[in-house]
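The values are calculated or read from the model by the stated rules, or taken from the named source; none is laboratory data. Just so it is clear, the model here is predicted, and its values are computed rather than measured. Please note: Cβ atoms are built from the backbone with ideal geometry, for glycine as well, and neighbour counts cover all protein chains shown.
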Amino acid sequence: MKTKPSKTDRILEALGWIMLIGTLMYLIIGWSSFPDQIPAHYNAAGEIDRYGSKWEIVFIEAVMWLLYLGIGLLEKYPEIWNTGVKVTPANREKVYCTLRYFIKTLKLSTTLIFAFLVITSLQGSHLPGWFTPASLFLVFGGMAFWLIRLFLIRKG
């Protein structure tokens, strides 16, 4: 089902691309000023427990791009989504719109989390104590929100 992108769709997509390109530009422009050893792993408290080469951050950047583009590719094929709801002509638009926002917010959340990790690592900082709970809330809270909306469509 093809629908015209809404203003919200365009805003969510633009924010994702701004984070992707902004993080990549930060990496490219600042590369020579970053230390050779940067935080490469954090424990549950957000403390650095392993250092590695700054080249390791390129892997994190690549994963961020692959996730964003991969989830974006999935977004283009709603017919393969497992909706959990019987899609009928009457609810089709609401179901696919809800799932599209589910996917777009998931893309944006993962991109935000990875961008924060890249920047924090390149600055040699510890992760703040709120990072893990906030990341979990962003991903799972967003998923719960859209799944509840989907459930309400099914009941309605």
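Residues in the range 16-49 that are farther than 25 Å from G70 by Cβ and small (G, A, S): G30, S32, S33, A44, A45, G46.
List, please: which pairs have Cβ atoms under 8 Å, are six or more places apart or on different chains, and start with a residue in the range 28-50 that is touching a residue at least 40 places away in the same chain (Cβ under 8 Å) and end with one that is in a loop (DSSP other than H, G, I, E, B) and of a type in the set (D, E, K, R)? From residues that are touching a residue at least 40 places away in the same chain (Cβ under 8 Å), the pairs are F34/K54; P35/K54; I38/K54.
Scanning for something within 14 Å of L20 (Cα to Cα) and under 11 Å from the mean Cα position of the chain (by Cα), does the range 72-93 turn up at least one residue? Yes, some residue in the range 72-93 is within 14 Å of L20 (Cα to Cα) and under 11 Å from the mean Cα position of the chain (by Cα). Of everything in the range 72-105 that's β-branched (V, I, T), outside any helix (DSSP H, G or I) and touching a residue at least 12 places away in the same chain (Cβ under 8 Å), which residue is farthest from F151 (Cα to Cα)? Looking at the filtered set, the residue picked out is T83.
Is it true that S109 is in contact with a Gly (Cβ under 8 Å, 6 or more places away or on another chain) and part of a helix (DSSP H, G or I)?
For S109, the condition - in contact with a Gly (Cβ under 8 Å, 6 or more places away or on another chain) and part of a helix (DSSP H, G or I) - is met.
Output the qualifying pairs, or none if there are none: Cβ atoms under 7 angstrom, residues six or more apart or on different chains, first residue in the range 117-144 and under 27 Å from W55 (Cα atoms) and in a helix (DSSP H, G or I), second residue at pLDDT 95 or above and acidic (D, E). Pairs found: V118/E61.
Scanning the range 75-127 for residues that are more than 19 Å from A62 (Cβ to Cβ) and among the hydroxyl-bearing types (S, T, Y) turns up Y77, T83, T88, Y96, T98, Y101, T105, S125. In the set (1) modelled with pLDDT of 95 or more; (2) in contact with a strand residue (DSSP E or B) (Cβ under 8 Å, 6 or more places away or on another chain), G16 fails one condition alone, (2). Checking each residue in the range 110-146 for being under 21 Å from R92 (Cα atoms) and loosely packed, with under 15 Cβ neighbours inside 10 Å picks out M143, A144, F145. Any chance the range 30-38 includes a residue that's among the hydrophobic types (A, V, I, L, M, F, W, C), under 17 Å from the mean Cα position of the chain (by Cα), surrounded by 11 or more Cβ atoms within 10 Å (Cβ to Cβ) and closer than 27 Å to P133 by Cβ? No.
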